[in-house]
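To keep things clear, I will list the structure first and then write my remarks on it.
The values are calculated or read from the model by the stated rules, or taken from the named source; none is laboratory data. All of these numbers come straight from a predicted model, not from anything done at the bench. Note: ideal-geometry Cβ built from the backbone for every residue, glycine included; neighbour counts use all protein chains shown. Surface areas here come from the heavy atoms of the whole protein model, side chains and all, with no ligands, DNA or RNA. Shrake-Rupley method; radii C 1.70, N 1.55, O 1.52, S 1.80 Å.
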Amino acid sequence: MMVTLRDHLGGVRADLASLILKICEICDIISDGIAYRMGRAETRNIFEEFQTTLDIWADNLFIEELARTGLVRTIFSEEQHKPVRIDDYGVFDVAIDPVDGSSNLRSNNLVASIISIYEKRMPTKGRDQIASMYILYGPVTSMVYTVGEGVHELLRTKEGFMLSRENLELPEPGELYSVGGLRKDWPTKIKAYIEKLEGEGLKLRYGGSLVGDLNQILHYGGIYAYPTLTSSPEGKLRLIFESNPVAYIVEQAGGSSSDGEKSILDIEPEGLTQRTPTYLGNKRLIRKLEKDLKDP
Ligand code: F6P
Ligand code: MN
């Protein structure tokens, strides 16, 4: 029997379930709208990156539609220069990366929406998330979410999002590695660690789309990293919009997240634009990485 998203959210508190359903409705519209908005806009986001017309449209759509729910206090968007205050009587703060990886559009590579939901006021550490999810606009649009009780995957069909896998866990021992940044910029210890993984027979799969790359690790096991680089010690990924939501999913799927020393979810954010080295994957691999980085 097909399980709809609404059915699957049956045990989740009503306000949170209703917010998640709304987010999926928005992503449904985005999924259909991508083909018409693949060009570059002339504006830049808070990270000084050129936006695409898709980024701007999806960001506005999220903000307008989430504002109507009456559930959202403040929206923090990767595309906005300041938090967008919606309703002081709202229940949740929401962080959105409306279209992550939009630079991939040119070659029709993967893009995704990433969302994290907090009851506490943001900015606060990722451990305070009460839900996080991503919608991957792949050959099939899929949605992966957690409300703190495992990780579940749904596929978009004509009849809406339908459950495909419940309680996903990173398979052991892990088959893939996916590492961003130029190899020449990887610190020596990262280079040595990756060489060991290659020696163990892990296979490289890197597409340059955080969610696309991470989703492979969720299904095959292994490690995803956007590491510290000699040219940029904090790496590339943004703590609030990118690293925290996916770290919550990976930890809920039995894996670990790390900034090189501790769980990403334990980082106290100092600002909206904060970046962090990001390592996500099977527990054994992350423990080994932390140890190798610590060893003299
Ligand atoms: O916004 C960050 C992002 O687009 C991620 O989706 C992706 O993992 C990363 O940048 C890719 O970076 P690079 O082009 O350096 O591989
Ligand atoms: Mn992004």
* **Failed item, numbered, when ASN215 is tested on (1) exposed (fewer than 15 other Cβ atoms within 10 Å of the Cβ); (2) under 14 Å from the mean Cα position of the chain (by Cα)** => (1)
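Look at SER243 and say whether it is within 16 Å of ligand 2 (Cβ to nearest atom), of a type in the set (Ser, Thr, Tyr) and within 28 Å of LYS120 (Cα to Cα).
Values: within 16 Å of ligand 2 (Cβ to nearest atom): yes; of a type in the set (Ser, Thr, Tyr): yes; within 28 Å of LYS120 (Cα to Cα): yes.
Yes: the conditions hold for SER243.
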* Would you confirm whether any residue within region 205-217 is away from ligand 1 (no atom under 14 Å from the Cβ) and of a type outside the set (Val, Ile, Thr)? => no
* To do: Might you let me know whether region 173-189 holds any residue that is out of contact with any strand residue (DSSP E or B) (no Cβ under 9 Å at 6 or more places or on another chain), acidic (Asp, Glu) and open to solvent by 70 Å² or more (accessible area, probe 1.4 Å)?
  => no
* Asked: Taking GLY150 and the conditions (1) away from ligand 2 (no atom under 16 Å from the Cβ); (2) in a loop (DSSP other than H, G, I, E, B); (3) more than 22 Å from MET1 (Cα to Cα); (4) in contact (Cβ under 8 Å) with a residue 24 or more places away in the chain, which numbered condition does it fall short on, given that it satisfies the others?
  -> (3)
* **Whichever residue in region 222-244 is of a type in the set (Val, Ile, Thr) and not in a helix (DSSP H, G or I) and, among such residues, is farthest from the chain's Cα centre (by Cα)** => THR230
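Can you say whether LEU155 is under 26 Å from THR52 (Cβ atoms), free of Cβ contacts under 8 Å to residues at least 24 places away in the same chain and within 18 Å of the chain's Cα centre (by Cα), as far as the supplied structure shows? Walk me through how you get there before you give the answer.
Working: under 26 Å from THR52 (Cβ atoms): yes; free of Cβ contacts under 8 Å to residues at least 24 places away in the same chain: yes; within 18 Å of the chain's Cα centre (by Cα): yes.
Yes; evaluated as a whole, the condition is true for this residue.
From the list SER102, SER132, SER113, SER107, exactly one residue is crowded, with 24+ Cβ neighbours inside 10 Å, without any contact (Cβ under 8 Å) to a residue 60 or more places away in the chain and not aromatic (Phe, Trp, Tyr). Which is it? Reasoning before the result, please.
Values: SER132 fails: without any contact (Cβ under 8 Å) to a residue 60 or more places away in the chain; SER113 fails: without any contact (Cβ under 8 Å) to a residue 60 or more places away in the chain; SER107 fails: crowded, with 24+ Cβ neighbours inside 10 Å.
Being crowded, with 24+ Cβ neighbours inside 10 Å, without any contact (Cβ under 8 Å) to a residue 60 or more places away in the chain and not aromatic (Phe, Trp, Tyr) holds for just one of SER102, SER132, SER113, SER107, which is SER102.
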* How many residues, within region 92-131, are under 20 Å from ARG40 (Cα atoms) and more than 12 Å from ligand 2 (Cβ to nearest atom)? -> 6
* Asked: In this structure, is GLY254 open to solvent by less than 20 Å² (accessible area, probe 1.4 Å), of a type outside the set (A, V, I, L, M) and modelled with pLDDT of 95 or more?
  -> no
* Structure fact -> Restricting attention to region 245-268, the residues that are in contact with a Leu (Cβ under 7 Å, 6 or more places away or on another chain), not in a loop (DSSP other than H, G, I, E, B) and not hydroxyl-bearing (Ser, Thr, Tyr) number exactly 4
* To do: Under 7 Å between Cβ atoms, at least 6 apart or on separate chains: pull out the pairs that start in region 9-27 with a residue that is within 22 Å of THR141 (Cα to Cα) and end on any residue that is of a type in the set (Asp, Glu) and modelled with pLDDT of 95 or more.
  => LYS22/GLU65; ILE26/GLU65
* Out of all the residues in region 117-126, is one or more within 16 Å of ligand 1 (Cβ to nearest atom) and open to solvent by less than 10 Å² (accessible area, probe 1.4 Å)? -> no
* Asked: Somewhere in region 284-292, is a residue outside the structural domain of GLY148 (by TED's automatic domain parsing), out of contact with any Phe, Trp or Tyr (no Cβ under 9 Å at 6 or more places or on another chain), outside any helix (DSSP H, G or I) and in contact (Cβ under 8 Å) with a residue 40 or more places away in the chain?
  -> no
